[in-house]
Structure formats: C-alpha cells, structure tokens
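Here is the structure we will look at.
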C-alpha cells in the first residue's frame, strides 16, 4: 500500500452487483450535500476520536464512497497510510478529485467488502461508515470475517451505522426499503439492521466489542459507532 493518490481498479473476483451510496448512480452528485445535511462530519469526528490514529499505522476504510471519512482520517493523522476501498468507480473518481484538491495522499482501490484485496494481518485499523446496511444480509458476516482477516493482532475496527431496535422487538420495528442496483437487480436495504451489530461482530470472532457513541438524528434515526478488537 503506497502513499500516492491513486484510483487503482483492481477487482477481486468477477464484476458483481452492488448498491451505490445514494441507491442510484445519477444521485451521486447529491451524496456530499446530503452527508453534510445529515451531520456526517460530526459522526465521523466521533468515530476518528475513538480510532485515535497513530503515525505509521495502515488504515483502511471499506465502502469509502466519495471519500469523506477517508480524507478526514488522513487529515487527522497525516503520517498514517490511508486506503479507501469501494466497488463504485464513479464514487472513487469523486474521492480522487477531492484528495487532489486537498493535497491529501491516499490510496483508492476498487473492490468488495467481502473479498478484500489485502494480505492477512496487514492493517492496523479498519473504518466503516454507513456501509454495513448497504450489504445484502448474506454478505455482512463474510465482510466482517474479511475485516478480521486483514487486521493485525490487536488491530481495531471502528464501525458507524444504524443498529436498529433491540432484538426482542425487531419484528415490531423492522422496516426494509427496496432499491434497484446498477443493473436493475433488487436489493433489500434494511432501515434497521435485524441482527444487532455487536452480536454480528462477536459471532465472527471480534473481541472487546464496545459502543463508542450513539445519537438520534431526525432524518436518519439512530447512528451508533462501535469499536471491536481483533
């Protein structure tokens, strides 16, 4: 993993369907304004405060989209090697332009969360911001297993997402939204994750899973951040 500003297009496995950040490609220009409207910057600051990035660390954001959290991480710790991964080439192109404008050297790779193109134990920190709920339910556990694989012993995952209700009343509160992917394939994007996020992380083998912050936002509901150690 180098320090150059780059959008490498290495794809692990064959081309696959994915759900873009705004659900439809043509809405991508609205992604950054909507993120500001939803208060994503404050949520990212909270996540990065918990991550406490150090010089020399190798940091990956999975599902980096247009690079908001990725670039905030590099700005917060310029001496870290910061990498972003996303399946969406259009979003990566936005991230590349923003990185160049700000003079922030980051690496941008194309790939999928459940097939990370990095060696075992090669990363110190993995970040994830509102990515998990974009994955189909059957891909969430494989994605978290991949995060566990690429983290070094003692490495940490810092994940921000919408946790949903307690499992006891999941049936009463669960809602799903259907979106069409790039090729018309129907996705189920759950407003509230049915399995609780800490339970998912513990199930795949993470230890010391803790909640690092939670707040309710009028437009998106509850946003909660977690720390999990390998």
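The values are calculated or read from the model by the stated rules, or taken from the named source; none is laboratory data. All of these numbers come straight from a predicted model, not from anything done at the bench. Neighbour counts run over all protein chains shown; Cβ positions are idealised from the backbone, glycine included.
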One residue from 92, 151, 104 being crowded, with 20+ Cβ neighbours inside 10 Å and either closer than 21 Å to residue 54 by Cβ or in contact with a helix residue (DSSP H, G or I) (Cβ under 8 Å, 6 or more places away or on another chain) (or both): 151
Answer yes or no: is there a residue in region 33-40 that is modelled with pLDDT under 95 and buried (at least 19 other Cβ atoms within 10 Å of the Cβ). yes
Just to verify a result, which residue in region 197-211, among those that are touching a helix residue (DSSP H, G or I) at 6+ places or on another chain (Cβ under 7 Å) and without any contact (Cβ under 8 Å) to a residue 60 or more places away in the chain, is surrounded by the fewest Cβ atoms within 10 Å (Cβ to Cβ)? 209
How about region 65-147: which strands (runs of 3 or more DSSP E) wholly inside it have at least 3 residues that are at pLDDT 95 or above and over 18 Å from residue 44 (Cα atoms)? 107-110
Could you check residue 179 against (1) in a loop (DSSP other than H, G, I, E, B); (2) surrounded by 14 or more Cβ atoms within 10 Å (Cβ to Cβ); (3) at pLDDT below 65 and say which number it fails? (1)
Would you confirm, using the coordinates I've provided, whether residue 56 is on the phi > 0 side of the Ramachandran plot and modelled with pLDDT of 95 or more? yes
